[in-house]
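The values are calculated or read from the model by the stated rules, or taken from the named source; none is laboratory data. As the structure is a computational prediction, the values presented were derived from the model and not from experiment. Heads up, the Cβs are rebuilt from the backbone with ideal geometry, glycines too, and the neighbour counts pull from every protein chain shown. Heavy atoms of the whole protein, side chains included, go into the accessibility calculation; ligands, DNA and RNA do not. Shrake-Rupley method; radii C 1.70, N 1.55, O 1.52, S 1.80 Å.
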Amino acid sequence: MTLLYHTPLDPEQQRALGITTSQPLAMADQVRFSELDVLNHVNNAVYMEWFERLRIRYVQDWGLSKYDDASDPRIVIRSGTIHYRQEMRMDENYVTTCGCTAYRSTSFSLLQQLWSGGTLRASFNCVLVLLEPDGSGRYAIPPAVQSRFEAIDGAVRDV
């Protein structure tokens, strides 16, 4: 299989790369020299950059924000937990995944994973809150996005 970088991977491509359960959004890339620390493995902070890069794409693709309009909601991480499982090294191919697991009226939970060589290397669980563009209060998740969370991600409404 030819691995396409920066291009959403379909479920079949994800399975071929060893991802046990395909996710709504998954994209591949490769470790760069600039992402290494003095021990020649990926710096822990870089994992968060990889997760953020895909998370931004996810909220754009799902229609929550284009990040180019003053009327877009502010999307902030309320809380998050990262689990580092195995180190990454120079030139390794990896796939970052993202999907909503649950949502409320103004917040939602995401599970993000990092896979390489068929092995789960790290995961990040976070809760994102939508705020009004000026930060003055909560912003409701549009019904179309809620429907997409359920239909595509398999998320459940949390009351």
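Working only within segment 119-139, note down all residues that are of a type in the set (Gly, Ala, Ser) and surrounded by 13 or more Cβ atoms within 10 Å (Cβ to Cβ).
Once the filter is applied, which keeps residues that are of a type in the set (Gly, Ala, Ser) and surrounded by 13 or more Cβ atoms within 10 Å (Cβ to Cβ), segment 119-139 yields Ala122, Ser123.
Condition check: without any contact (Cβ under 8 Å) to a residue 40 or more places away in the chain and open to solvent by less than 60 Å² (accessible area, probe 1.4 Å). Does Ser65 satisfy that?
yes
Anything in segment 103-118 that is within 15 Å of the chain's Cα centre (by Cα), closer than 17 Å to Ser22 by Cα and not aromatic (Phe, Trp, Tyr)? List them, or say none.
Leu110, Leu111, Gln112, Gln113, Leu114
Over 16 Å from Asn125 (Cβ atoms) and out of contact with any Leu (no Cβ under 9 Å at 6 or more places or on another chain): is that true of Ala102 in this structure?
Considered against the rule, which asks whether it is over 16 Å from Asn125 (Cβ atoms) and out of contact with any Leu (no Cβ under 9 Å at 6 or more places or on another chain), Ala102 comes out as no.
From Arg148, Arg138, which residue is of a type in the set (D, E, K, R) and farther than 23 Å from Thr7 by Cα?
Arg138
Evaluate segment 3-14: report whether one residue or more is among the charged types (D, E, K, R) and outside any loop (DSSP other than H, G, I, E, B).
yes
Collect the residues in segment 38-62 that are free of Cβ contacts under 8 Å to residues at least 12 places away in the same chain, more than 16 Å from Pro133 (Cα to Cα) and either open to solvent by less than 80 Å² (accessible area, probe 1.4 Å) or touching an Asp or Glu at 6+ places or on another chain (Cβ under 7 Å) (or both), keeping them in residue-number order.
Asn43, Ala45, Val46, Ile56
Could you list all residues from segment 133-152 that are in contact (Cβ under 8 Å) with a residue 60 or more places away in the chain and in contact with a Ser or Thr (Cβ under 8 Å, 6 or more places away or on another chain)?
Pro133, Tyr139, Ile141
Can you tell me which residue within segment 83-103, out of those that are farther than 21 Å from Gln14 by Cβ and among the aromatic types (Phe, Trp, Tyr), is least open to solvent (accessible area, probe 1.4 Å)?
Going through the qualifying residues, I end up with Tyr103.
Taking the conditions exactly as written (more than 30 Å from Thr2 (Cα to Cα) and out of contact with any Cys (no Cβ under 9 Å at 6 or more places or on another chain)), does Ser71 satisfy them or not?
Criteria met by Ser71.
Could you grab me the full set of residues in segment 17-34 that are over 19 Å from Phe149 (Cβ atoms) and open to solvent by 70 Å² or more (accessible area, probe 1.4 Å)?
Residues satisfying the conditions are Thr20, Arg32, Phe33, Ser34.
Take the residues of segment 68-82 that are in contact (Cβ under 8 Å) with a residue 40 or more places away in the chain and more than 16 Å from the chain's Cα centre (by Cα): which is most open to solvent (accessible area, probe 1.4 Å)?
Once the filter is applied, the top-ranked residue is Arg74.
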